[in-house]
Amino acid sequence: MNTVTVLFDQSKGTINRNIYGHFSEHIGGVFYDGLWVGEDSTVPNIRGFRKALVESFARINPPVLRWPGGCFAETYDWRDGIGPREKRPRRVNWWYKYDRRVETNQVGTHEFMDFCRMTGARPYVAANMTGVTPLHIRNWIEYCNMPAGLTTLADERAANGSPEPFNVAYWGIGNENWGGGGRMTAEMCAREYLRFMTVCESLPGDMTFVACGPSGHDVNWTRELMRTLAAKNHIPAALSVHYYCGTAGAPQDFTEDEWYQLLRQANRMQNIVDDHRAVMDEFDPDRRTAMFVDEWGCWHRDGTGPSKGYNLFEQQSSMRDAVVAALTLNIFNNRCDVVAMANVAQLCNNLHSLYLAGGDHFVETPNYFVYDLYKTHQGAKQLETVCDCGAWPGDGSPAARPLERVSVSASQAADGSLTVTLANTSMTEPVEVALAGHGGAVAGRATISTLAADDPHACNTFENPAAVRPASVERDFADGDVVLLPPASVTAVRVAG
Ligand code: AHR
């Protein structure tokens with residue numbers, strides 16, 4: 001019998017809520033006709049934001065939302081996005097050469113903060129470090145965070161409708177500076193970061209500045225960046241890591257081989273997190289630098305979403321992407337002593353999205369339901385697990401961890417309730433798992449919610465928005481009871497405290 005054992009007496013600590021974070025860039029259809037429809041739209045909206053999306057997003061308790069880029073940030077001037085909307089400039093933005101769409105700046109700082117307030121997410125502003133001066137970013141911080149009446153910039157914010165400061169705590173200093181953000185070496189990036197950060201930290205407030213970390217598994221970048229910063233006696237508060245997995249094929253049309261290929265790629269997140277942390281430990285043994293995996297997800301061939309290519313990078317999401325999300329979130333939960341934030345890319349009409357939207361159409365993708373199933377992990381105490389369900393043969397790469405047939409993580413909330421999340425990584429075979437505790441029992445009134453479909457290629461579309469939906473049953477659960485995991489599925493077992 002396959003078994004999963006929850007070790008009630010072994011924990012890596014609290015699962016930071018921010019592991020359940022999100023990312024929304026000004027790219028393609030993320031904002032325009034995605035999150036934002038405008039106040040005059042016939043589409044039901046709350047102060048311009050798509051009402052159905054606001055309400056749906058709030059339901060999964062989003063802890064944090066990164067904005068406005070990504071690469072978009074590199075040519076973004078925050079002053080374009082404040083003041084009366086009808087007077088805001090139109091700009092050729094970072095992505096224009098790919099999609100010929102002009103940035104209208106209808107969503108700027110105030111609108112973004114409003115969206116955050118409506119949904120409960122804390123803002124994480126990823127600021128430009130390549131195309132502007134440190135003073136420019138410092139002024140944005142002053143505009144956002146200083147109390148009205150203190151400075152001219154704070155008064156300008158108040159005059160623009162927000163007397164209360166936005167109190168933005170997370171500031172990204174640069175984005176992918178190894179690539180789009182200036183094609184820097186790690187040493188150059190560290191020096192630029194210090195220049196920007198020193199100017200920005202001259203402002204008071206409880207702020208976390210995020211230095212640009214590596215692309216995927218590039219530990220040389222991490223080592224060189226940390227070494228250069230350490231040589232100036234600086235340990236960054238946070239380091240970003242970006243990792244995307246993907247295959248050349250379409251997200252809703254894959255072979256069995258491509259199913260496992262993608263899941264193995266996703267599973268590399270374990271090595272990526274562990275190996276970067278090991279290098280960071282060389283310079284930061286006390287672990288003062290937090291790891292923010294602030295872009296991750298599946299990156300498939302684009303043009304496969306409902307806009308048929310109009311929205312740059314828009315792709316469909318199937319049950320395969322949902323299993324990738326579940327597997328990745330289990331990895332983060334189980335490394336909650338290392339990963340302090342993670343932001344899936346991107347929220348709507350883009351890569352690995354939770355939503356597809358356009359005009360009156362609005363769809364929650366299978367990824368959305370994973371966040372719904374996993375939300376009780378947020379802020380809970382992680383519990384170690386032992387999974388004895390076997391693993392798939394490796395893909396030949398010596399360092400890669402085996403892809404477990406069942407990916408699992410567990411946590412216990414302050415009220416004593418237990419959440420165990422399990423992803424069946426088999427595309428075709430169901431798995432029966434006996435779920436028990438050690439040092440405690442998995443027993444009590446349980447809600448078992450399962451996200452599955454008859455076909456692992458299943459997606460939610462504008463024509464069939466409810467093809468994939470979770471189903472829940474309630475029952476009394478005794479320690480060691482069996483849970484059936486359908487093929488290509490995600491299950492959350494919640495046992496009341
Ligand atoms: O998420 C899309 C793009 O991917 C972001 O703009 C960039 O940071 C990354 O390369």
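The values are calculated or read from the model by the stated rules, or taken from the named source; none is laboratory data. Just so it is clear, the structure is predicted and the values come from calculations on it, not from any experiment. As a convention, Cβ positions derive from the backbone with ideal geometry for all residues, glycine included, and neighbour counts pool all protein chains shown.
Table for the structure above
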item: Which listed residue, of CYS200, CYS116, CYS144, CYS212, is within 16 Å of the ligand (Cβ to nearest atom) and either on the phi < 0 side of the Ramachandran plot or not assigned by TED's automatic domain parsing to the domain that holds CYS71 (or both); result: CYS212
item: Failed condition for ALA230, given (1) closer than 30 Å to ASP321 by Cα; (2) more than 16 Å from the ligand (Cβ to nearest atom); result: (1)
item: Candidates ALA340, ALA345 - the one that is crowded, with 24+ Cβ neighbours inside 10 Å and touching a residue at least 40 places away in the same chain (Cβ under 8 Å); result: ALA345
item: Of residues in the stretch 155-197 being aliphatic (A, V, I, L, M) and touching a Leu at 6+ places or on another chain (Cβ under 8 Å), the one farthest from the ligand (Cβ to nearest atom); result: LEU194
item: Odd one out for TYR260, checked against (1) over 26 Å from ASP337 (Cβ atoms); (2) assigned to a loop (DSSP other than H, G, I, E, B); (3) not polar (S, T, N, Q); result: (2)
item: Single match in THR376, THR428, THR385 (criterion: at pLDDT 95 or above and assigned to a strand (DSSP E or B)); result: THR385
item: Test set (1) closer than 17 Å to CYS387 by Cα; (2) in contact (Cβ under 8 Å) with a residue 40 or more places away in the chain; (3) surrounded by fewer than 24 Cβ atoms within 10 Å (Cβ to Cβ); (4) of a type outside the set (Phe, Trp, Tyr) - ALA441 fails condition number; result: (2)
item: Residues of the stretch 185-216 satisfying the condition of being crowded, with 22+ Cβ neighbours inside 10 Å and either outside any helix (DSSP H, G or I) or modelled with pLDDT under 95 (or both); result: VAL210, ALA211, CYS212, GLY213, PRO214
item: Test result for ASN343, on the phi < 0 side of the Ramachandran plot and either assigned by TED's automatic domain parsing to the domain that holds ALA436 or touching a His at 6+ places or on another chain (Cβ under 8 Å) (or both); result: yes
item: The one condition in (1) in a helix (DSSP H, G or I); (2) within 19 Å of the chain's Cα centre (by Cα); (3) farther than 16 Å from PHE23 by Cα that GLU282 fails to fulfil; result: (2)
item: Strands (runs of 3 or more DSSP E) (entirely within the stretch 1-110) containing at least 2 residues that are away from the ligand (no atom under 16 Å from the Cβ) and closer than 30 Å to VAL493 by Cβ; result: 2-7
